[in-house]
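Peer 1: Can you keep this structure in mind? I'll have questions shortly.
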Amino acid sequence: MGHIRSTTCSEAAALGMDFIEHSFGFCDEVRLPNGDITRDPDAPPASRLIRALIAARVTMDGTPDTCDVALSQREVDVLHSAAREWYLSNVSASRRVDSAENAA
């Protein structure tokens, strides 16, 4: 079990890792050239990865992915000042608003 970064999910499976944290979105094999991940399980890279993980009997922790959702004001308020400044100037405008709290 573990977090991987210096190897791909397929390589980790081939090396005997039987559990991968944070699921599919952290596997380099499904990253698109623009940095997004493919969410299509039938896309060739995703399909190859799924087959490799099943063959190696690897399970994954399905951590929710909300990187496209704006932080609420309460969440922004608890960020370190440098992180808050970076978030507000680089990220927040590109996020979608999911709740009344975020829209306020």
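Peer 1: Among residues belonging to the stretch 6-33 that are closer than 18 Å to Ser47 by Cβ and hydroxyl-bearing (Ser, Thr, Tyr), point out the one that is farthest from the chain's Cα centre (by Cα).
Peer 2: The selected residue is Ser10.
Peer 1: I'd like to know if the stretch 47-64 contains one or more residues that are modelled with pLDDT of 85 or more, surrounded by fewer than 15 Cβ atoms within 10 Å (Cβ to Cβ) and in a loop (DSSP other than H, G, I, E, B).
Peer 2: yes
Peer 1: If the Cβ limit is 7 Å and pairs must be 6+ apart or interchain, which residue in the stretch 79-104 that is charged (D, E, K, R) and at pLDDT 70 or above pairs with which residue that is surrounded by 10 or more Cβ atoms within 10 Å (Cβ to Cβ) and assigned to a helix (DSSP H, G or I)?
Peer 2: Arg84/Val76
Peer 1: So which residues in the stretch 6-22 are in contact (Cβ under 8 Å) with a residue 24 or more places away in the chain and of a type in the set (S, T, N, Q)?
Peer 2: Matches in the stretch 6-22: Ser10 only.
Peer 1: For the stretch 27-42, enumerate the residues that are at pLDDT below 90 and in a loop (DSSP other than H, G, I, E, B).
Peer 2: Cys27, Leu32, Pro33, Asn34, Gly35, Asp36, Thr38, Arg39, Asp40, Pro41
Peer 1: Can you pull out the residues in the stretch 23-59 that are polar (S, T, N, Q) and either without any contact (Cβ under 8 Å) to a residue 12 or more places away in the chain or on the phi < 0 side of the Ramachandran plot (or both)?
Peer 2: Residues satisfying the conditions are Asn34, Thr38, Ser47, Thr59.
Peer 1: Just wondering, is there one or more residues in the stretch 69-78 that are modelled with pLDDT of 90 or more and not charged (D, E, K, R)?
Peer 2: Yes, the stretch 69-78 contains a residue that is modelled with pLDDT of 90 or more and not charged (D, E, K, R).
The values are calculated or read from the model by the stated rules, or taken from the named source; none is laboratory data. Here the structure is a predicted model, which is why all the values come from computation and not from measurement. Don't worry about glycine lacking a Cβ; one is built from the backbone with ideal geometry, like all the others, and counts go over all protein chains shown.
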